[in-house]
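What follows is a short report on a single structure.
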Amino acid sequence: MHFSSVLLLFVGGEIVDLVLQTGPVAKTVLVLLIAFSVLSWAVILSKWRLIRRARAQNERFVRVFRKAQRIQDIASVAEQFRPSPLVGVFEGAVAEFKRQMGMTGGVHNIVSIQRAMQVASSDEITHIERNLPWLAITGAVTPFIGLFGTVWGIIDAFHGLGTAGAATLRAVAPGISEALVTTAAGLAAAIPAVIAYNLIIGSIREMASRNDDFTLEMLNLVERQHELPATEARR
């Protein structure tokens, strides 16, 4: 067996022994930390898959959009590029576009189309951000939960030391090492959550900026298709 595997098994066995020797409060804290960690990893993996797919579909949709000459041509194929946030923004514009065409037979207020796209963009970003606060909560709370378990364990260790009357490092070291396991578990839950939260927030901000850029491109297409003077269209 490889040396690293042996070392991993040894360290893992030591940790398991420490966990099994902890008191009921420490075990409760560890269970709670494991629950936080499992849920945060579920959020991380789901958001990673969603963002990866959204980016890929964004690129495909933009290529099709820039090649098209008419809004109707894009609308007929837009649905196949889900879950691109740009599709939702585009469909918000199309809904307002059709509403104006149905009422007056032409586009008379391009600012309304812009507002519709902004609302759709906000909806798309909100959808991507759903459950993301759980990562922030995990990163903020779990170190303190772990610290609580450690403090409780140290108090218990020193209480047992006072009862036994043996004031030696050998007597107190096992209790303290067991207590410190909860701090390590709290950090193990918090660190990935904090890193993932910041990376995902950065990706979401990038997508929001891309939505804004696409809004301008869409407005340009509407103006070209209906030959609206830019100064009049933006009033």
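The values are calculated or read from the model by the stated rules, or taken from the named source; none is laboratory data. Given the structure is predicted, the values throughout are model-derived calculations rather than measurements. With ideal geometry, Cβ positions are generated from the backbone for all residues, glycine too; neighbour counts draw on all protein chains shown.
Please work out if LEU86 is modelled with pLDDT of 85 or more, of a type outside the set (Gly, Ala, Ser) and under 30 Å from ALA157 (Cα atoms).
On the way: modelled with pLDDT of 85 or more: yes; of a type outside the set (Gly, Ala, Ser): yes; under 30 Å from ALA157 (Cα atoms): no.
It is false that LEU86 is modelled with pLDDT of 85 or more, of a type outside the set (Gly, Ala, Ser) and under 30 Å from ALA157 (Cα atoms).
Within the stretch 105-150, the set of residues being crowded, with 18+ Cβ neighbours inside 10 Å, closer than 20 Å to LEU39 by Cβ and hydrophobic (A, V, I, L, M, F, W, C) comprises ILE128, LEU135, ILE145.
Of VAL38, VAL111, VAL107, VAL16, all but one fail to be at pLDDT below 90 and within 30 Å of THR142 (Cβ to Cβ); the exception is VAL16.
When you look at ARG130, is it of a type in the set (Lys, Arg), within 30 Å of ALA42 (Cα to Cα) and modelled with pLDDT of 90 or more, yes or no? Step through it out loud before you land on a result.
Values: of a type in the set (Lys, Arg): yes; within 30 Å of ALA42 (Cα to Cα): yes; modelled with pLDDT of 90 or more: yes.
Against the criterion (of a type in the set (Lys, Arg), within 30 Å of ALA42 (Cα to Cα) and modelled with pLDDT of 90 or more), ARG130 qualifies.
Among ARG205, ARG210, ARG224, which is of a type in the set (Lys, Arg), over 30 Å from ALA42 (Cβ atoms) and at pLDDT 70 or above? Can you show your working first?
Values: ARG205 fails: over 30 Å from ALA42 (Cβ atoms); ARG210 fails: over 30 Å from ALA42 (Cβ atoms).
So the residue among ARG205, ARG210, ARG224 that is of a type in the set (Lys, Arg), over 30 Å from ALA42 (Cβ atoms) and at pLDDT 70 or above is ARG224.
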